[in-house]
Amino acid sequence: MKNRTRFITLFAILFFAISIRAQAPLPVPAAQTGGDTEAKLEQLQKEMQKYADQGKPPPPALLEKLQKLMDEAQGIEAKEPPPRKTASWVAVPYTGTVRITNRCDATVRSGDATIAVKEEKGMEAQITGTRPEKDDDNAIVNYIPQGTVITRVDGNQRFEAVSESGKVVHTFETVGSDRREFGKGVKQEMSLELDPVRKKYLIKFPNGWVDAAKITETLTGPGFSERKTSTKSVRVERMSEKYPEDTHEYPYTPGTAVLTHSYSVPAYTMITNAAYTTGSYMREGSSDLEMFRRGGGSNLLAPVMVTVSWNLRLKGSDLRALFEPEPAYDTWLPDGGLLGAGSMIKIKVRITEPKGAKGRITFRLRDVSTEKGWCLNYPGTADTKPDLRFNKNFGSKGIWTSADYLEARTEEEVNEAVVAVQSLDYGAWGKLEAEVKVLVKGEEQTARAVYEKMGTDWLAVPRDDNNNSIADAWEKSMRVQNVAGDADDDNDPVSATPGDGFSAYEEYRGVFIRGKHTRLDPKKKDLFIYDPDGLAENSSLKQVTRLDVHYIDVAEFRLKGSPERAVNHYKGRHHVVDQSAIWVHKGKNIRGGWGVAGPGYGKNGPPRSAIPWVIIDADRVRSSLTSFSQRHSAQIKTRLGFKGLTPDQAWLEGHIATAIKWITVHETCHAISINHHDQSPYYANPAGSGTSQGQWSCVMRYLSQEDGGDGSVDELMEILCGASPWPNSMCTTMHHCRKQIVVTDKGD
């Protein structure tokens, strides 16, 4: 606990240590903060300085107080834009989509401490319509959007430092998504105004929130290891209104049906403690950022890219088109198929307004995944081509397709058209967009097709309402709806360490097992074994551990190269860790035992630690049992004789075969972190190495191959004489062998 406190304290003082070295006061935002807030900040600085003068870190409560005040100061600075002078602005109804993305991928260092942050927060507002807002004179002053706001967060922060006792690592994984209606938790309503005289438009954006983002916190270091989960609210921010992009007037052509634009702004956020990145985004060149740098805080700045885009259709236009996927869309799953050409889904776009109108329709596939191979481990040679494409042979006739098969358009004017989207990967994912151009009232109008069920101007392929890259149909079949793409929470069988190293998306994408594609179960822990001699497969390993054990061919994992022995070596989105297979085979154990896990001879799992093999010395098992039965032949013969049995060669061969199965399970369990009983962290009364206390039937009992006077002779004698079976189960009490199971390589 002492190490843990020292570690947390280290990160708590990073920011302040930097300020002290620079002999500068804590940075205060340059804008007018208001007398009350400014006075509080000055008082807080004095309190901080007292701790600095004493060489002590400030308490967490003081840090939280500082953060709240700085956020308050930032909020005061973000004033409303000045009133517009023109009187020609008019509010208009609209539909469409607005997207805001915050991306942070950075590593900052201070002394012996390293902080790595990788986070992406996204918000998508899907506006299906608007309702007028009127003043006291019954005049329309605004249009209030109707629809949903989908927000997601996927982040990982790793804090690493060297304490007096060794390296300490503190990680925070934040994952969550949220869906809510406009007006119900959306903090800023959206608005759109046009100035047809000057041919300009002005737009305001909503903010998004995830109210129940899941945080998994892991803290490891010399003498301690902790893991806990909690929830918190996460905000997806656009750039504050003090920045010109949010008040910029964008040009448009009167009569147009679509308003579309995007911009990206590089900014920074500050890291104030070991729990999260926080603070309003500070744009390069802003006064508050410069003040922060002058205060010595450059080492605690993490770059953030804020991207805002929108595609809005003016409701007053006369053109409308809809996506109409075939009924199989709700249950369709992508696959790699024969030679990588897999399943197809047909999607129609139909012009619904004006009724019966014809025009040209252009289809585009965007944000298409480019995963290596077809799944996590196949085929032998991987490519990174787009995983979805148009198949021109199965759509409507008269459709031109681009050379990369990502764009298609009708060659003639039509009222509707069908495209066939084909998958090239079992985890393929992308978005289908469609644009229609129609001559209406003598003017060419353009509109994007809308998927009415979601209110989006694109269609997810496959259906993926929660935007986690996983087909909703698979989530439903697995009873894990709305799971995060990088979730690794498998806990069947239950042990102290959840997860199996494969993210939910990777389990969905699946693997080839002996030439057949298999999607995995996101609730069950999976263990992969290369077993050329059939040792593990012919044992009771699966029944004893209760794991989903999969036996793969040599071509289905990375036997050599990097990452070595990885099953999911064709990694891509939502990757958690390079998850290793265990290699079990016959061989000679130079240390003299019946078997061994890994070259460390005693270093237990997880699987990555069992490098590069589990060796079963079948010849030594045979010679040991043969020698033992010969030395004690008289006693064995007498005891078996009472049962009408004879210790002949068939009897001996049966015991040899069973002993090989037992030692295979025993050593493979070492490769998933299970100790001998006397080495178990749950063993209260150790009696020295080799002790056999505990449940006799547990595979983790240590049975000596020689009669050394430690009780093992009696145990082996009882087994050979039929009084006790060979160990063939796993204890769940006293030594808690199953509780020790660690399948995932994540924490290794």
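Some observations on this one:
- Segment 555-577: number of residues that are surrounded by 15 or more Cβ atoms within 10 Å (Cβ to Cβ) and more than 19 Å from residue 614 (Cβ to Cβ): 10
- Selected residue (criterion: nearest to residue 484 (Cα to Cα)) from residues of segment 555-575 that are modelled with pLDDT under 90 and of a type in the set (A, V, I, L, M, F, W, C): 557
- Of the numbered criteria (1) among the hydroxyl-bearing types (Ser, Thr, Tyr); (2) more than 30 Å from residue 496 (Cβ to Cβ); (3) modelled with pLDDT under 80, the one residue 216 fails is (2).
- Subset tally (residues that are more than 27 Å from the chain's Cα centre (by Cα) and buried (at least 21 other Cβ atoms within 10 Å of the Cβ)) for segment 416-433: 2
- Any hit, segment 463-471, residues being at positive phi, outside the structural domain of residue 736 (by TED's automatic domain parsing) and surrounded by 23 or more Cβ atoms within 10 Å (Cβ to Cβ): yes
- Qualifying positions in segment 366-397 - within 15 Å of residue 509 (Cβ to Cβ) and free of Cβ contacts under 8 Å to residues at least 24 places away in the same chain: 384
- Subset of segment 608-655 [loosely packed, with under 13 Cβ neighbours inside 10 Å and not in a helix (DSSP H, G or I)]: 642, 643, 644, 646, 648
- Selection from segment 369-413 of residues that are assigned to a loop (DSSP other than H, G, I, E, B), touching a Lys or Arg at 6+ places or on another chain (Cβ under 6 Å) and of a type in the set (Phe, Trp, Tyr): 405
- Selection of segment 151-179 for residues being in contact with a helix residue (DSSP H, G or I) (Cβ under 8 Å, 6 or more places away or on another chain) and of a type in the set (Ser, Thr, Tyr) yields 163, 165.
Yes/no matrix, rows are residues, columns are (1) surrounded by 24 or more Cβ atoms within 10 Å (Cβ to Cβ); (2) of a type in the set (A, V, I, L, M, F, W, C); (3) touching a residue at least 40 places away in the same chain (Cβ under 8 Å):
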site	(1), (2), (3)
406	no, yes, yes
441	no, no, yes
452	no, no, yes
481	no, no, no
494	no, yes, yes
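- Of all residues in segment 519-541, exactly one satisfies the criterion of being closer than 15 Å to residue 674 by Cβ and among the basic types (Lys, Arg), namely 525.
- Candidates are the residues of segment 366-406 that are of a type in the set (D, E, K, R) and in contact with a Ser or Thr (Cβ under 7 Å, 6 or more places away or on another chain); the one that is nearest to residue 553 (Cα to Cα) is 372.
Every residue, every condition in (1) touching a His at 6+ places or on another chain (Cβ under 6 Å); (2) of a type in the set (D, E, K, R); (3) modelled with pLDDT of 70 or more; (4) surrounded by 19 or more Cβ atoms within 10 Å (Cβ to Cβ), yes or no:
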{"position": "234", "(1), (2), (3), (4)": "no, no, yes, yes"}
{"position": "243", "(1), (2), (3), (4)": "no, no, no, no"}
{"position": "274", "(1), (2), (3), (4)": "yes, no, no, yes"}
{"position": "294", "(1), (2), (3), (4)": "no, yes, no, no"}
{"position": "309", "(1), (2), (3), (4)": "no, no, yes, no"}
{"position": "327", "(1), (2), (3), (4)": "no, no, yes, no"}
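- Selected residue [of a type in the set (A, V, I, L, M, F, W, C) and closer than 23 Å to residue 506 by Cα] from 662, 583, 613, 651: 583
- Apart from one condition, residue 357 fits all of (1) in contact (Cβ under 8 Å) with a residue 12 or more places away in the chain; (2) more than 36 Å from the chain's Cα centre (by Cα); (3) surrounded by fewer than 18 Cβ atoms within 10 Å (Cβ to Cβ); the exception is (3).
The values are calculated or read from the model by the stated rules, or taken from the named source; none is laboratory data. From a predicted model like this one, the values you see are computed outputs, not experimental measurements. When we count neighbours, we look across all protein chains shown, and the Cβ atoms used for this are built from the backbone with ideal geometry, even at glycine.
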